[in-house]
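Read the figures in this text as sums done on the coordinates, not as results from a lab. Note that the structure is predicted; figures quoted are calculated from it, not measured. Using ideal geometry, Cβ is built from the backbone for each residue, glycine included, and neighbour counts are taken over all protein chains shown.
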Amino acid sequence: MRVHGAHLLVPTPPTPRRHVVLRFAVSAAAASANVTPADATRKQAVIVGGGLAGLAAATHLASLSVPFTLLEASDRLGGRVATDEVDGYLLDRGFQIFLTAYPECQRLLDYPALRLRPFFPGALVYLGGGDGGGPAFHMLADPFRFPIRSLSSVFSPVGSLPDKLLVGLTRLRAAATPDDAILSSPETTTATHLEKLGFSPSIVERFLRPFLAGIFFDPALDTSSRLFELVFKRLALGDNALPDAGIGAIAAQLADRLPAGSVRLNARAAAVDPSSGVTLDTGETVPGELGVIVAVEQPEAEKLLPQLPTRPKKAGAAERSTVCIYFSADRAAVQDPVLLLNGSGKGIVNNMFFATNVAPSYAPAGKVLVSVSLVGSFVGREDAELAGEVVRELGGWFGPEEVASWAHLRTYRIGFAQPDQTPPTMPAGRDPRVGDGVYVCGDHWCSATFDGAMVSGRRAAEALAQDKILSGA
Ligand SMILES: Cc1cc2nc3c(=O)[nH]c(=O)nc-3n(C[C@H](O)[C@H](O)[C@H](O)COP(=O)(O)OP(=O)(O)OC[C@H]3O[C@@H](n4cnc5c(N)ncnc54)[C@H](O)[C@@H]3O)c2cc1C
């Protein structure tokens with residue numbers, strides 16, 4: 001069975017945003033003139049970790065003419081934001097979407113160069129019961145962005161009419177609330193917040209829980225209400241999109257602007273000592289007279305910097321984990337660039353989409369890329385077994401003949417996708433100074449988003465530069 005019923009409006013591409021060259025934008029050529037890697041006598045800062053936070057810190061240090069070396073443990077930059085090219089398919093390491101309204105991203109990234117391809121701003125919800133019991137899929141569109149389209153969803157069983165209006169009103173209210181007010185608002189869990197806002201259990205179970213679980217990897221919706229409001233605001237103010245070249249293009253754009261010779265790959269930090277610098281696991285010491293910025297993921301940061309306050313682990317608190325399974329196919333069962341959510345309450349699939357409907361560049365010509373996301377770690381389950389279960393489950397959604405041509409491409413298991421963001425949180429960010437000459441950034445120091453990671457990187461770089469100016473170094 002092919003699902004033609006959705007017939008969604010194909011959104012127009014987001015308005016190209018000109019690359020805004022702020023005081024932090026770096027010209028690689030100019031930056032290399034300031035930073036001479038061969039000069040072993042110069043004083044420098046060291047950045048540990050080359051994810052978005054470390055890359056943002058590096059971008060800002062370069063624009064402030066602070067010499068630095070960025071040490072990255074793996075063989076590539078970008079951290080959790082990565083895309084693999086496999087036989088002509090672009091496979092993002094886990095389902096990730098770029099929200100064009102992220103303010104820090106707007107400042108740092110060249111949007112037109114990313115060639116962003118937007119999703120339809122809504123979701124197609126699978127409720128099941130299609131065999132003579134009404135349609136299996138129900139479209140949910142934002143009533144304030146797509147008033148005509150949303151009319152068709154008014155009578156769908158995904159929540160009541162007041163629920164649907166409430167979704168739009170919540171987005172409008174979030175959009176009109178300044179970030180400062182959201183980030184300092186009294187916080188509770190997202191589950192409690194949704195209840196207080198007046199959403200019915202039906203829309204929570206059928207739409208909001210699977211939608212938000214796919215964003216926060218937290219099906220219990222224990223994530224802070226501040227994060228929920230912040231993400232809803234960004235969703236209201238812009239598009240969800242994928243870069244033509246895969247999500248890794250975001251990190252690649254920052255990396256490409258760094259001064260020549262400023263990055264060392266396959267360089268794992270084992271210890272940080274501001275007086276001497278950073279010791280690698282090989283025993284080599286990389287001096288960091290101007291300071292050390294630690295931009296690694298939370299568990300690693302806690303190992304490198306024992307002085308960091310660690311959050312007591314709540315009993316039963318789950319890791320924020322996900323499994324993303326890719327298939328190639330000959331055709332797409334749905335023709336629109338829309339996210340499909342599992343609102344049936346059954347099965348292991350959280351969400352799926354036909355990536356090539358959003359960005360045709362994600363597969364070779366004539367082929368379709370299917371992306372399926374599960375929430376959780378599924379430890380103890382073999383890749384082949386999980387892929388088989390997913391195909392059988394989605395055969396129930398679309399019909400067995402529709403999934404018969406699907407071939408398993410690759411499975412990504414992301415054990416640590418995001419830090420714990422349950423209350424109490426500080427998504428406005430914390431002081432990056434954690435010791436004399438030692439600074440911390442990363443999504444765990446702000447909010448677990450592309451934007452939060454970049455904001456934290458900028459703040460760490462600014463703090464380091466300010467301290468050096470004050471100390472006359
Ligand atoms: C599957 C998935 C989906 C996501 N979806 C979204 C989304 O849709 N939208 C959104 O805004 N955000 C999303 N996020 C969150 C976002 O990707 C992260 O918040 C952000 O990328 C974190 O960046 P970071 O620089 O703080 O950390 P990381 O990306 O983890 O970077 C840390 C870097 O440090 C390196 N490192 C670690 N230890 C050492 C060491 N000892 N020495 C040297 N280097 C070291 C690591 O190799 C890594 O490169 C998603 C995350 C995942 C995993």
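Numbers at a glance
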| item | result |
| --- | --- |
| Every residue from the stretch 43-70 that is more than 11 Å from the ligand (Cβ to nearest atom) and among the β-branched types (Val, Ile, Thr) | THR59, VAL66, THR69 |
| Residue among ALA460, ALA428, ALA407 that is surrounded by fewer than 17 Cβ atoms within 10 Å (Cβ to Cβ) and in contact with a helix residue (DSSP H, G or I) (Cβ under 6 Å, 6 or more places away or on another chain) | ALA428 |
| Candidates SER447, SER456, filtered to the one that is assigned to a loop (DSSP other than H, G, I, E, B), within 16 Å of the ligand (Cβ to nearest atom) and either among the β-branched types (Val, Ile, Thr) or under 19 Å from VAL81 (Cβ atoms) (or both) | SER447 |
| Test: residue in the stretch 272-290 that is more than 16 Å from the ligand (Cβ to nearest atom) and surrounded by 20 or more Cβ atoms within 10 Å (Cβ to Cβ) | yes |
| Subset of the stretch 71-81 that is near the ligand (Cβ under 9 Å from one of its atoms) and surrounded by fewer than 22 Cβ atoms within 10 Å (Cβ to Cβ) - its residue that is farthest from ALA252 (Cα to Cα) | ALA73 |
| So THR310, is it among the hydroxyl-bearing types (Ser, Thr, Tyr) and within 13 Å of the ligand (Cβ to nearest atom) | no |
| Count of residues meeting criterion [closer than 30 Å to ASN350 by Cα and either over 18 Å from the mean Cα position of the chain (by Cα) or free of Cβ contacts under 8 Å to residues at least 60 places away in the same chain (or both)] in the stretch 38-75 | 1 |
| Residue within the stretch 390-413 that is within 16 Å of the ligand (Cβ to nearest atom) and either under 30 Å from VAL66 (Cβ atoms) or hydrophobic (A, V, I, L, M, F, W, C) (or both) present | no |
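Okay, residues lined up against (1) away from the ligand (no atom under 14 Å from the Cβ); (2) under 14 Å from VAL48 (Cα atoms); (3) part of a strand (DSSP E or B):
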position	(1), (2), (3)
PHE228	no, no, no
VAL231	no, no, no
ALA236	yes, no, no
ALA245	yes, no, no
ALA251	no, no, no
ALA255	no, no, no
ALA270	no, yes, yes
